Amino acid sequence: MTKPAEELYLIDGSSYIYRAFHAMPSFSSSQGCPTGAIFGFTAMLNKTIKDRNPIRIAVIFDAKGPTFRHELFTEYKANRSAMPEELKTQIPYIHKIVRAYGLPVLSAAGYEADDIIATLTDAAVKSGKKVVIVSGDKDLMQLVSANAVMWDPQKDVVYDEAAVKAKYGVSPQKLTDFFALVGDSSDNVPGVPGIGPKIAAQVMDKHTCLEDLFADIENIQPKRIKEKLEAHKNTAFLSRSLISLNFETPVEVTPDNLVFAERDVEDLRALFKELELKRFLDELPTKKSLDFSGYCVIQSMDELTGWIDDFKKRRRFAVDLETTSTEPTRADLVGISLCAEEGKAAYIPVGHTCGPQLPKAEVLELLRPLLEDASYEKIGQNIKYDIIVLRNEGVSLKGICCDTMLASYVLDPSRRGHGLDDLAQTCLEHRTIPIKELIGVGKSQILFSDVDIAKAYTYACEDAEVTFRLANILHPRLISDGLGDLFDKLELPLIPVLVDMESAGVLVDTDYLQELSKEFGEILSNVEAEVHGGAGEAFNINSPKQLSEILFNKLGLKPTRKTKTGSSTALDVLEELALVHELPRKILEYRSIHKLKTTYADALIALKNPRTGRIHTSFNQAVTATGRLSSSDPNLQNIPIRTAEGRKIRRAFIPAEGHLFVAADYSQIELRVMAHVSGDERLKHAFSAGQDVHMDTAVSIFDLPPEMVTSDMRRKAKAINFGIIYGMGAFKLGGQIGVDLKTAKRYLEDYYRMYSGVKAYMDEIPRRAAETGHVTSILGRKRLLPEINSTNKVVQQAARRVAINTTIQGSAADLMKLAMIKAHEVLGASGLNAKLLLQVHDELLLEAPEDEAEETARLLTDAMESAYELSVPLVAEAHIGKNWDEVH
């Protein structure tokens, strides 16, 4: 039997770096290092290794500097712009990753990666080996033969001789001459003008090479093709010289030397950890840094009593719950895990469907004194969830000293993940047991209550121990980084406030929502008919592909942005097109009504909790980089209020019978923060004197007395005032208020002359951030901004805007959190029965008995206005009503 030929895999590294760079989003690590190209390249590398399991392999890169082709033709690749700085910084990391994978890295000065691949392919084939060229570069198809194929892992397409012939109409052996005629605009290879792929394939099909073609030039038909070839004969041969691959590139290796060495897992782990590439970090072999031998299942009340006595002596422990749902108000308790020392943890099963376990009621009663005594310090990961679940079981968890999710967030709010698995990898270099190994995924997923206790206890104990260990690492870092007060006096005290709000939930009028859904459905039908009429045909408005066809092909509108699949029909694109055509405006109207119907009118009905009859949103403390709270499941902070239809959704939110809504919102809090932090005397005076700041700005910018300032002028002044906070430039401002660029620039110049202190502050903040690498809020919240020193000017300018925006928005967010804590305390101490329900940006919504509404409003505004002392007054305005729309 003939021994099968060995396969050599030659990866075109340079081609894949560029492909990855242009294909992947432009994202960065929290330290500001761009990682898009690194991610895309590593994904390709992983696919090659996993799918093909190669033994012989190499990754080939272009060398720096000009090549021999530049000597032949100085304009070779002259049309290419310089490598973007964002990509340039990623290439060294890519090389390190390749070497850490145990792969040979090759390049040769004066030559391109294609030449090295050609040389090694030729040598390998001659020695009886099969070659797989890993690339998407058409130039390398010249090398395809009976023993060499090209594989593009991104498209998962293999090109053999037949595939090349089918694609270009000529065999791989004729491809060099074919490309010489067609040219290559990407490399500035001229080719023969007027000769495209179809004609080139026809003439080369009848000839063996260019020499044969030009020897037979008199027989070329039609005449115009013959004349083009004759006129550009020298260009054709020059193009072939540029396209031809060099089979004698000086390389110091042979195909036999190119062996897949052993991976350096620790180097890869360090690189992926530094670059925050969690996907690849998770795929590395498990590094188990925890010893599970100290884990146990508590199976008797005496055993539980012993653990409780031990915890009372230690006075500090981590607690973690296993439940049946990620929604705490719907979750049933399955088990409790506890840890008070590293290497030792216990799991108490109380709600599994099978297996020996202790009665839940008896366990909770025995644990109650420990859990409800605030003198015993408790640690948790997203402990707000556990508090709500235990509250539903009649236990009030007190004495929270650390939430590891919040600790990570306060240390670095820009970090992508603050989950337990991520933190275990980052801080402990330990990979936790994936939950999917216990409950599965998709349709086959089971509840945690159905997991065998013998499997569940290790997972649960690990969660508790990891949380305990993380607290020992993260909390000291908070202190050393000067963030202890922010954590201990703001974020932790906010937890019980949010617990009460989430537990309370909010009522919705489902009958009203059903009627509203019907109304929106009728409006949608009418708008849809108008859209189809304007387009001249029926089509699926929700299909980006069909919509793009109508707007850009049929109507001939000019696309403003491209995507991978064609012209974009995103919201901002349609808003721009709506300025010049009626149909995009109607489509925007359709989308708005469609969202109101599906996301709110229909969805809110389904989200009503059957246990409470209310909707319970989750308030997230560890999501936004500025420190603002966010809302999810459902997001009640995103209900539109500027349209009549959006306000109809708010009318569905109602207080309980015999109650009213009380809402209070801060007046221009971000502008007041700007006045405080910038120290601008004019802005401070305006707020201290109770003046209309927007009117004051309009008077100066338009150089008119107040009585001559129109509402439109005041609106523009308001846009300028708030636009400054968001770092808005003249171009964006002009688009927002409907003026040309020159006028917008003049408005900004007038504004900065008027508020010179604001201008000085806005110049100072980015300078300071560039020196320190971060910005801070009034209360000391830090946001790291390493990208502010990026050599990429676009990235740097974006970071400068973020620096200003974060300082103002972050401070306003901190003040709102202080206000929530104070309002919660004041109302609790007052004996009133009012409940905080929602926080939406600068607004708090409460539910109060009708006879307590006025007093609740007074206490609420007092608490908000006295939450923190600024150099200008904090002003809050309260309203009382029978639904959410009435109080806004």
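Checking the cross-link filter: which aspartates and glutamates have an alpha carbon closer than 15 Å to that of Lys742, excluding same-chain neighbours under 8 positions apart?
Leaving aside aspartates and glutamates fewer than 8 places away in the same chain, those within reach of Lys742 are Asp750.
Helix 13-23 versus the longest principal axis of the chain: what is the Cα-based angle in degrees, 0 to 90, to the nearest 10?
40 degrees
Roughly what angle does helix 113-126 make with the longest principal axis of the chain, taking Cα atoms, 0 to 90 degrees, to the nearest 10?
So the inclination is approximately 60 degrees.
Tell me, what is the FRET efficiency for Glu362 and Glu850 to the nearest 0.05, using R0 = 60 angstrom and their Cβ-Cβ distance as r?
Taking R0 as 60 Å, the efficiency between Glu362 and Glu850 is 0.90.
Using r as the Cβ-Cβ distance of Asn46 and Arg416, and R0 as 25 Å, what FRET efficiency do you calculate, to the nearest 0.05?
0.80
At 0.36 nm per residue, and after removing the present C-alpha to C-alpha distance, how many nm does the segment from Val157 to Arg330 gain when stretched out fully?
Length difference between fully extended and current span is 57.5 nm.
For the chain, what is the charge dipole size about the Cα centre, in debye to the nearest 20, if Lys and Arg each add +1 at the Cβ and Asp and Glu each add -1 at the Cβ?
Dipole about the Cα centre, nearest 20: 2160 debye.
Loop-only check: which trypsin sites (Lys or Arg not before Pro) in the range 179-277 are DSSP coil with at most 16 other Cβ within 10 angstrom?
Lys206, Arg263
Would you check the accessible area of Asp139, probe 1.4 Å, heavy atoms only, in square angstrom rounded to 10?
Approximately 20 Å² for this residue.
Residues of the range 863-888 with the amide nitrogen closer than 15 Å to a label point 7 Å from the Cα of Glu515, along Cα-to-Cβ, please.
883
From the gyration tensor of the Cα coordinates in the range 772-863, what semi-axes in whole Å does the equivalent ellipsoid have, largest first, with each one equal to sqrt(5λ)?
Working through the eigenvalues yields semi-axes of 40, 12, 8 Å.
Rounded to the nearest whole Å², what accessible area per residue is found for the chain with the 1.4 Å probe?
44 Å²
In percent, what relative contact order does the range 126-184 have, based on Cα pairs under 8 Å that are 6 or more apart in sequence?
27 percent.
In nm, give the distance between the simple-model label positions of Ser81 and His879, each being 7 Å from the Cα along the Cα-to-Cβ direction.
4.8 nm
What pairs from Lys77/Lys745; Lys443/Lys595; Lys96/Lys129; Lys360/Lys398; Lys608/Lys648; Lys436/Lys822 go past 30 Å between their alpha carbons?
As for pairs spanning more than 30 Å Cα to Cα, those are Lys77/Lys745; Lys436/Lys822.
Rounded to whole Å, give me the distance from the Cα center of the range 627-679 to that of the range 681-751.
Centre-to-centre (Cα) distance: 24 Å.
Within 10 Å of each candidate Cβ there may be at most 14 other Cβ atoms; applying that plus a DSSP loop requirement, which trypsin sites (Lys or Arg not before Pro) in the range 78-140 survive?
Arg80
Please report, in debye to the nearest 20, how large the charge dipole of the range 797-888 is about its Cα centre when each Lys and Arg carries +1 at its beta carbon and each Asp and Glu carries -1 there.
That gives a dipole near 660 debye.
What fraction of the Cα pairs in the range 613-726, stated in percent, has a spacing above 17 angstrom?
Cα-Cα pairs of the range 613-726 separated by over 17 Å account for 71 percent.
At 1.4 Å probe size, put Thr560, Thr626, Thr324 in order of accessible surface, largest to smallest.
Thr560, Thr324, Thr626
Can you show me the helix-derived [θ] at 222 nm for the chain, built from DSSP H runs with n ≥ 4 at -39,500 (n - 2.57) apiece and divided by the number of residues, rounded to the nearest 500.
Counting only the DSSP helices, I get -14500 deg cm²/dmol.
DSSP loop (so not H, G, I, E, B), at most 11 other Cβ within 10 Å: list which GluC sites (Glu not before Pro) in the range 223-253 pass both filters.
Filter output for the range 223-253: Glu248, Glu252.
Output the Cα-based Rg and Dmax of the chain in Å, rounding Rg to one decimal and Dmax to a whole number.
Using the Cα atoms of the chain, the pair Rg, Dmax is 33.4, 105 Å.
Using a 1.4 angstrom probe on heavy atoms only, work out the carbon and sulfur share of the accessible area of the chain in %.
That fraction is 50 percent.
The values are calculated or read from the model by the stated rules, or taken from the named source; none is laboratory data. Quick caveat: nothing in here was measured; it's all calculated off a predicted structure. For neighbour counting, all protein chains shown are included, and Cβ atoms are generated from backbone atoms with ideal geometry for every residue, glycine included. Note: accessible area is taken over every heavy atom of the protein model, side chains too, but ligands, DNA and RNA are not part of it. Shrake-Rupley method; radii C 1.70, N 1.55, O 1.52, S 1.80 Å.
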